[in-house]
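Notes to accompany the following structure.
The values are calculated or read from the model by the stated rules, or taken from the named source; none is laboratory data. What you see is a predicted model; the values in this text were computed from it and never measured. Please note: Cβ atoms are built from the backbone with ideal geometry, for glycine as well, and neighbour counts cover all protein chains shown. Calculation scope for accessible area: heavy atoms of the full protein, side chains included, ligands and nucleic acids excluded. Shrake-Rupley method; radii C 1.70, N 1.55, O 1.52, S 1.80 Å.
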Amino acid sequence: MGLEPKSAGPRSAQSAGFRLRAGHARGAVVGARVAAKQVLELKLEVDLDEPEPGQFVMLWVPGVGEVPMSIADYDGGVLTMYITRRGRVTGYLHDHVREGVRLFVRGPYGRGFSAIERGRALLVGGGTGAAPLHFLAKRLRERGVDCVAALGFRSAEHAILLGEMARLCRVEVATDDGSMGFGGPVHEVAAKLLSEERFDAVYACGPEPMIAAVLELARSKGVPFEASLERYMRCAVGVCGSCVLEPLGLRVCRDGPVFSGEVLSRVEDLGRWWRDADGRLVPLR
Amino acid sequence: MPRLEVELAGLRLRNPTVLASGVLGLSAGLAKRVEEAGAGAFTTKTVTREPRRGYPNPTFVVLEHGYLNAVGLANPGIDYFCRELREMRQRLSIPIILSAGGGSAEELVEVAKRGVECGAQAVELNVSCPHVSGMGVELGHRAEEVASAVGEIKRLGVPVFVKLSVHHDYIRLAEACLDAGASGFTAINTVRGMAIDIYARKPVLSNVYGGYSGRAIKPIAVRVVYELYEAFPDAPIIGVGGVDGWEAALEFILAGASAVGVGSEIARKDLGLFKEILEGLEEYMEREGFNSIEELVGLAHRS
């Protein structure tokens, strides 16, 4: 059985019974360690509504800022996130957050992955894109779905979640500099896997050019595809319009962040355009 | 079948729902979805002369009875937005109302002029945003300046609405604007507020102050619409503030609104909110024996 077909039109999957909690939930940092070069693994004990793999949270550091963050795990009330140093807020988290610090979260928000019930799944991750795929792999394994994870990183030093993923799936690694596994882009590993093995679903998260490449591969093989996207966000609940994808008018925070291959193949922004804080489209870096 | 069509200052709306300014309003793709969801008209997010990046996050937080935001009038500036407006006109058949913002009458006029050139069928002047200094409520306090902008924009040949705030002497401002040729009013903008997280022991919004919206402000908004209708029964009003269903929409209409803005409650009900309102209105009208929305406008005023 493949992924359930998704209409490409407007969806309001959450219109009925969508629960919005007021304010932020407070959490205590119970783990903060450098997991890889420029990547912080943050564990936060926090009471949330049970997230689905692929959903995200807004992480607030009072006095510093708030950023969307994907969920690598939520287990026993502990939320795990992998945070790349990028801007003001993530830089602060890297430099100042230690065990015992209090942080704040709202969410989970958005539509997650639709995990297949049986068969075999291919997970393709780039960088910290591996994080939501880890949460998904756990769900797939609970259902008895076999998985292969192709994970790409800049170098061996940048690799995250290899041990954790290896407990759930067969793992194939690619690095840009060849310091671990295949030397080259991870979508080439995915291409080889897709040509040699049979999969019932392909899931991807990472840089958009990689997502676009894997989408093409999955389409050419006729395998259902889903990927998680990222955009500049504000409200995270679908009202401000900051994270919209054109020409379909899809809100990454509410209609996504996970979209099906059928939808993504019609998103002209994919791999090309990023919407800046002022709403202008700028080339995706 | 009861008729939902309404006439709003010369604009023909297939029904009285209007997407309120500030939500979902910068992209043609989203505008199209709002039309498909059932809206009778679409108001853009407020656009200024220059691009604005807005405030850093947190800019929005869900509260127990509403929403608090201080996005900071983020927008791409009217020159860039012109393309989007043209595309909206190409793809949409419902009227597009440009929400124009600025720090002076001159800027409002410039933004409105360019917006109308690019396809906007009406202009709403945002002189009531509660969280951007110099651009919102403060401008609205200078009734003569707003009125002079109304007069100039009126010459562009499109309806001009002035968006009012409870922070204004809104009856005086409304009167000055009507004298200058305003077509009608949008009431109300968000109400200035703030939220403090008791464990962070800090304001939640990076800007500290924000605009409070959602169903908690509905009684305040209904009151302003009622007062405006009483004072100026011939001026059409777009009633906005916490519309979360058909009952709320009806309250505004009975208070005197010809159309009803739908905004932040989309966070809870998503775009399905439009259809819910329209079906509810139709059923109510059938049940209660009304043939058109016009029969209901301001009905609460009559004995």
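To keep it simple, each residue is scored yes or no on (1) open to solvent by less than 50 Å² (accessible area, probe 1.4 Å); (2) assigned to a loop (DSSP other than H, G, I, E, B); (3) not assigned by TED's automatic domain parsing to the domain that holds residue A:78.
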site: A:136; (1), (2), (3): yes, no, yes
site: A:148; (1), (2), (3): yes, no, yes
site: A:151; (1), (2), (3): yes, no, yes
site: A:168; (1), (2), (3): yes, yes, yes
site: A:171; (1), (2), (3): yes, no, yes
site: A:180; (1), (2), (3): no, yes, yes
site: A:190; (1), (2), (3): yes, no, yes
site: A:204; (1), (2), (3): yes, no, yes
site: A:210; (1), (2), (3): yes, no, yes
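Yes or no: segment A:114-123 includes at least one residue that is closer than 22 Å to residue A:171 by Cα and of a type in the set (Lys, Arg).
Step one: list which residues in segment A:114-123 are closer than 22 Å to residue A:171 by Cα, which gives A:114-123.
Then keep just the ones that are of a type in the set (Lys, Arg); that gives A:118, A:120.
The answer is yes, given that some residue of segment A:114-123 is closer than 22 Å to residue A:171 by Cα and of a type in the set (Lys, Arg).
Kindly establish whether residue B:292 is open to solvent by less than 40 Å² (accessible area, probe 1.4 Å), of a type in the set (Ser, Thr, Tyr) and within 14 Å of chain A (Cβ to nearest Cβ).
Values: open to solvent by less than 40 Å² (accessible area, probe 1.4 Å): yes; of a type in the set (Ser, Thr, Tyr): yes; within 14 Å of chain A (Cβ to nearest Cβ): no.
Judged against the criteria, residue B:292 is not a match.
So residue A:250 fits all but one of (1) in contact (Cβ under 8 Å) with a residue 12 or more places away in the chain; (2) surrounded by fewer than 24 Cβ atoms within 10 Å (Cβ to Cβ); what number is the exception?
(2)
Give the residues of segment B:254-289 that are among the small types (Gly, Ala, Ser) and away from chain A (no Cβ under 14 Å), sorted by residue number. Step through it out loud before you land on a result.
Filtering segment B:254-289 down to residues among the small types (Gly, Ala, Ser) leaves B:255-259, B:261, B:263-264, B:267, B:272, B:280, B:289.
Scanning segment B:254-289 gives B:255, B:256, B:257, B:258, B:259, B:280, B:289.
When you scan segment A:97-104, do you find a residue that is surrounded by fewer than 24 Cβ atoms within 10 Å (Cβ to Cβ) and within 19 Å of the chain's Cα centre (by Cα), even just one?
no
Would you confirm, using the coordinates I've provided, whether residue A:260 is within 14 Å of chain B (Cβ to nearest Cβ) and hydroxyl-bearing (Ser, Thr, Tyr)?
No; evaluated as a whole, the condition is false for this residue.
Pick from segment B:52-83 the residues that are assigned to a helix (DSSP H, G or I) and buried (at least 24 other Cβ atoms within 10 Å of the Cβ): which of them is nearest to the other protein chains (Cβ to nearest Cβ)?
So the first thing to find is which residues in segment B:52-83 are assigned to a helix (DSSP H, G or I), and the list is B:78-83.
With buried (at least 24 other Cβ atoms within 10 Å of the Cβ) added as a condition, the list becomes B:78, B:81.
Numbers: B:78: 12, B:81: 8 Å.
Restricting to residues being assigned to a helix (DSSP H, G or I) and buried (at least 24 other Cβ atoms within 10 Å of the Cβ), the top hit is B:81.
Can you name the condition, by its number, that residue B:42 falls short on among (1) facing chain A (nearest Cβ under 7 Å); (2) aromatic (Phe, Trp, Tyr); (3) open to solvent by less than 10 Å² (accessible area, probe 1.4 Å)?
All conditions pass for residue B:42, except number (1).
Give me a count of the residues in segment A:113-134 that are touching a Lys or Arg at 6+ places or on another chain (Cβ under 7 Å) and part of a strand (DSSP E or B).
The qualifying residues number 1.
Going by the conditions given, is residue B:36 closer than 19 Å to residue B:214 by Cβ, of a type in the set (Asp, Glu) and open to solvent by 10 Å² or more (accessible area, probe 1.4 Å)? Explain how you work it out, then say what you get.
Details: closer than 19 Å to residue B:214 by Cβ: no; of a type in the set (Asp, Glu): yes; open to solvent by 10 Å² or more (accessible area, probe 1.4 Å): yes.
In short, no.
Can you pull out the residues in segment A:36-60 that are closer than 25 Å to residue A:98 by Cβ and surrounded by fewer than 18 Cβ atoms within 10 Å (Cβ to Cβ)? Even if it seems obvious, please write down each step before you answer.
Here is the first cut: in segment A:36-60, the residues closer than 25 Å to residue A:98 by Cβ are A:36-48, A:51, A:56-60.
Once the filter is applied, which keeps residues that are closer than 25 Å to residue A:98 by Cβ and surrounded by fewer than 18 Cβ atoms within 10 Å (Cβ to Cβ), segment A:36-60 yields A:37, A:38, A:45, A:47.
Residue-wise test of (1) part of a helix (DSSP H, G or I); (2) under 19 Å from residue B:239 (Cβ atoms); (3) open to solvent by 60 Å² or more (accessible area, probe 1.4 Å); (4) within 14 Å of chain A (Cβ to nearest Cβ).
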residue	(1), (2), (3), (4)
B:139	yes, no, no, no
B:152	yes, no, yes, no
B:158	no, no, no, no
B:171	yes, yes, no, no
B:176	yes, no, no, no
B:186	no, yes, no, no
B:192	no, no, yes, no
B:199	no, no, yes, yes
B:207	no, no, no, yes
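Suppose the filter is at pLDDT 95 or above, surrounded by fewer than 17 Cβ atoms within 10 Å (Cβ to Cβ) and under 20 Å from the mean Cα position of the chain (by Cα); does residue A:75 pass it?
Details: at pLDDT 95 or above: yes; surrounded by fewer than 17 Cβ atoms within 10 Å (Cβ to Cβ): yes; under 20 Å from the mean Cα position of the chain (by Cα): yes.
It is true that residue A:75 is at pLDDT 95 or above, surrounded by fewer than 17 Cβ atoms within 10 Å (Cβ to Cβ) and under 20 Å from the mean Cα position of the chain (by Cα).
Can you name the condition, by its number, that residue B:119 falls short on among (1) assigned to a loop (DSSP other than H, G, I, E, B); (2) surrounded by 18 or more Cβ atoms within 10 Å (Cβ to Cβ)?
It fails just one condition, (2).
Residue check: is residue A:205 in contact with a Pro (Cβ under 6 Å, 6 or more places away or on another chain), under 24 Å from residue A:257 (Cα atoms) and not basic (Lys, Arg)? Even if it seems obvious, please write down each step before you answer.
Values: in contact with a Pro (Cβ under 6 Å, 6 or more places away or on another chain): yes; under 24 Å from residue A:257 (Cα atoms): yes; not basic (Lys, Arg): yes.
Yes, satisfied.
Out of everything in segment B:23-39 that is of a type outside the set (Val, Ile, Thr), within 10 Å of chain A (Cβ to nearest Cβ) and part of a loop (DSSP other than H, G, I, E, B), what residue ends up being nearest to residue B:68 (Cα to Cα)?
B:24
Could you list, in sequence order, all residues of segment A:260-283 that are in contact (Cβ under 8 Å) with a residue 60 or more places away in the chain and under 19 Å from residue A:132 (Cβ atoms)?
Residues satisfying the conditions are A:260, A:263, A:270, A:271.
Condition test on residue B:216, is it out of contact with any strand residue (DSSP E or B) (no Cβ under 7 Å at 6 or more places or on another chain), within 14 Å of another protein chain (Cβ to nearest Cβ) and hydrophobic (A, V, I, L, M, F, W, C)? Working first, answer last.
Values: out of contact with any strand residue (DSSP E or B) (no Cβ under 7 Å at 6 or more places or on another chain): yes; within 14 Å of another protein chain (Cβ to nearest Cβ): yes; hydrophobic (A, V, I, L, M, F, W, C): yes.
Yes.
Consider segment B:84-116. How many of its residues are touching an Asp or Glu at 6+ places or on another chain (Cβ under 7 Å) and within 14 Å of chain A (Cβ to nearest Cβ)?
Residues flagged as touching an Asp or Glu at 6+ places or on another chain (Cβ under 7 Å) and within 14 Å of chain A (Cβ to nearest Cβ) within segment B:84-116 amount to 2.
Quick one: which residue in B:267, B:231 is over 19 Å from residue B:163 (Cα atoms) and in contact (Cβ under 8 Å) with a residue 40 or more places away in the chain? Before you say what the answer is, go through the steps one by one.
Values: B:231 fails: over 19 Å from residue B:163 (Cα atoms).
Of B:267, B:231, the one residue that is over 19 Å from residue B:163 (Cα atoms) and in contact (Cβ under 8 Å) with a residue 40 or more places away in the chain is B:267.
Taking segment A:225-241, which residues are buried (at least 24 other Cβ atoms within 10 Å of the Cβ), more than 7 Å from chain B (Cβ to nearest Cβ) and in contact with a Leu (Cβ under 8 Å, 6 or more places away or on another chain)?
Listed by number, the residues that qualify are A:225, A:226, A:227.
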